[in-house]
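A short worksheet on the structure shown next.
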Amino acid sequence: MPENTLVNRLLSAHLQDLEPYQSARRLISGGQDWLNANESPYANEYVLDCSSLNRYPDCQPKALVDAYAQYAGVTREQVLVSRGADEAIELLVRAFCTPGRDKILICPPTYGMYAISAKTFNVGVEAAPLRDDFSLDLDAIRSYRGQVNLVFLCSPNNPTGTLLAKEQVQAVLEGFADNALVVLDEAYIEFADENYWADQLNRYPNLVILRTLSKAFGLAGIRCGFALAAPEVIAALLKVIAPYPVPQPVAQIALQALTPQGLQRTAAQVNSLKQLRQQLSQALLRWPQLTLVGGTSGNFLLLRCTDSQALMTYLVERGILLRDQSKQHNLQHCLRISIGDEAQNQRLLTALDRFFAEQA
Ligand SMILES: *Cc1c(COP(=O)(O)O)cnc(C)c1O
């Protein structure tokens with residue numbers, strides 16, 4: 001029983017048992033090698049013009065909407081700018097689900113914020129777990145037709161690093177064509193070998209794509225994400241968004257990231273990270289105690305180690321932070337490693353060497 005304090009008595013009933021999202025920053029601070037939040041290891045330089053910070057920003061800064069539309073190959077009417085993809089998830093729940101009545105569908109193991117956003121608004125969460133190879137269980141998903149308003153898919157999926165097959169996503173879009181929006185979270189799309197769905201927006205009025213500048217663009221600190229969808233969906237999201245969601249400095253920095261030079265720099269950094277990902281996944285094979293789980297389509301790897309708890313503790317003591325995924329469906333003893341820069345990856349390998357040597 002919670003203590004009988006004023007706050008506990010007033011707290012919304014549906015929040016009494018809710019655990020807040022355990023973001024990497026909430027869990028552990030300190031350490032030198034943050035390999036636990038899938039951030040970019042590269043910090044880039046930007047310039048800020050502070051001459052009109054006395055003014056409120058545009059709700060949807062036009063230049064930024066246009067720049068992202070061009071980058072994604074969609075029209076400006078198909079773009080919404082939000083405070084990170086996380087805010088877009090929340091806006092979708094608020095715009096399309098009636099509290100206490102409607103539900104969303106998730107496919108675990110996957111990103112935790114879909115369920116948490118739903119629960120904070122008293123919206124139900126159904127789960128159709130991924131199959132053992134992390135593909136979609138289409139029969140299970142279809143069995144929720146008519147029972148859910150939003151279906152959340154994540155590709156490349158966090159934390160499994162797997163890309164969903166086109167045919168599977170298409171089957172979900174078609175199966176829910178007249179009864180749910182299908183939200184395809186593409187936070188890691190720049191690290192994948194194919195980028196197919198943005199071009200299909202005109203074909204699927206129930207498709208919503210989520211994007212972010214937090215991962216490939218190295219801008220987790222500015223909180224800037226996007227929803228790409230039919231203009232009617234964007235208009236519905238604009239009903240629930242805050243009046244001034246995108247701070248002016250955020251728009252300025254995001255615009256610089258989306259200039260031709262900015263895009264070139266991001267492409268080069270994504271290339272480096274893909275090479276480092278390849279090197280790290282090769283290097284990890286040397287320990288029979290470790291197995292790579294899932295795919296390598298994101299800027300992270302997932303590995304299984306019988307002694308994952310001990311390993312996690314050992315690494316934390318040495319300032320190296322990974323993300324424990326062992327409580328997720330089908331991911332017992334799994335840890336997720338964000339790809340760091342060369343020095344960080346090397347420090348990780350050295351620490352692993354010592355850990356397994358000490359265990360032997
Ligand atoms: C990191 C992440 C997000 C959140 O992105 P922000 O733009 O930083 O809010 C959304 N979805 C997935 C799958 C992620 O891994």
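The values are calculated or read from the model by the stated rules, or taken from the named source; none is laboratory data. Keep in mind the model is a prediction, meaning the values are calculated, not measured. No Cβ is skipped: glycine too gets one built from the backbone with ideal geometry, and neighbour counts run over all protein chains shown. Please note that ligands, DNA and RNA were not included when accessible areas were found on the heavy atoms of the full protein model with its side chains. Shrake-Rupley method; radii C 1.70, N 1.55, O 1.52, S 1.80 Å.
Test Pro108 against the criterion of being open to solvent by 10 Å² or more (accessible area, probe 1.4 Å), in contact with a Pro (Cβ under 6 Å, 6 or more places away or on another chain) and within 16 Å of the ligand (Cβ to nearest atom), and give yes or no.
Working: open to solvent by 10 Å² or more (accessible area, probe 1.4 Å): yes; in contact with a Pro (Cβ under 6 Å, 6 or more places away or on another chain): yes; within 16 Å of the ligand (Cβ to nearest atom): yes.
Against the criterion (open to solvent by 10 Å² or more (accessible area, probe 1.4 Å), in contact with a Pro (Cβ under 6 Å, 6 or more places away or on another chain) and within 16 Å of the ligand (Cβ to nearest atom)), Pro108 qualifies.
Okay, residues lined up against (1) farther than 24 Å from Pro108 by Cα; (2) among the charged types (D, E, K, R); (3) in contact (Cβ under 8 Å) with a residue 60 or more places away in the chain; (4) open to solvent by 10 Å² or more (accessible area, probe 1.4 Å):
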position	(1), (2), (3), (4)
Ala177	no, no, no, yes
Val182	no, no, no, no
Glu186	no, yes, no, no
Asp193	no, yes, yes, yes
Asp199	yes, yes, yes, yes
Cys224	yes, no, yes, no
Ala227	no, no, yes, no
Val240	yes, no, yes, yes
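What are the pairs with Cβ atoms under 6 angstrom where one residue, in the stretch 301-316, is open to solvent by 10 Å² or more (accessible area, probe 1.4 Å) and the other, located anywhere, is in a strand (DSSP E or B)? Sequence gap at least six, or different chains.
Partner pairs satisfying both residue conditions: Arg304/Thr291; Arg304/Val293; Arg304/Cys334; Met312/Asp324.
When the residues of the stretch 186-210 are filtered to those that are under 17 Å from the mean Cα position of the chain (by Cα) and under 21 Å from Arg277 (Cα atoms), which remaining residue is farthest from the ligand (Cβ to nearest atom)?
Asn195
Give just the number: which of (1) open to solvent by less than 20 Å² (accessible area, probe 1.4 Å); (2) part of a loop (DSSP other than H, G, I, E, B); (3) farther than 14 Å from Leu292 by Cα does Phe355 not satisfy?
It is condition (2) that Phe355 fails.
Among the numbered criteria (1) over 24 Å from Ala220 (Cα atoms); (2) in contact with a Ser or Thr (Cβ under 8 Å, 6 or more places away or on another chain); (3) of a type outside the set (Asp, Glu), which single criterion is violated by Gly295?
Here Gly295 meets the rest and fails (1).
Is it fair to say Val74 is under 23 Å from the mean Cα position of the chain (by Cα) and within 16 Å of the ligand (Cβ to nearest atom)?
no
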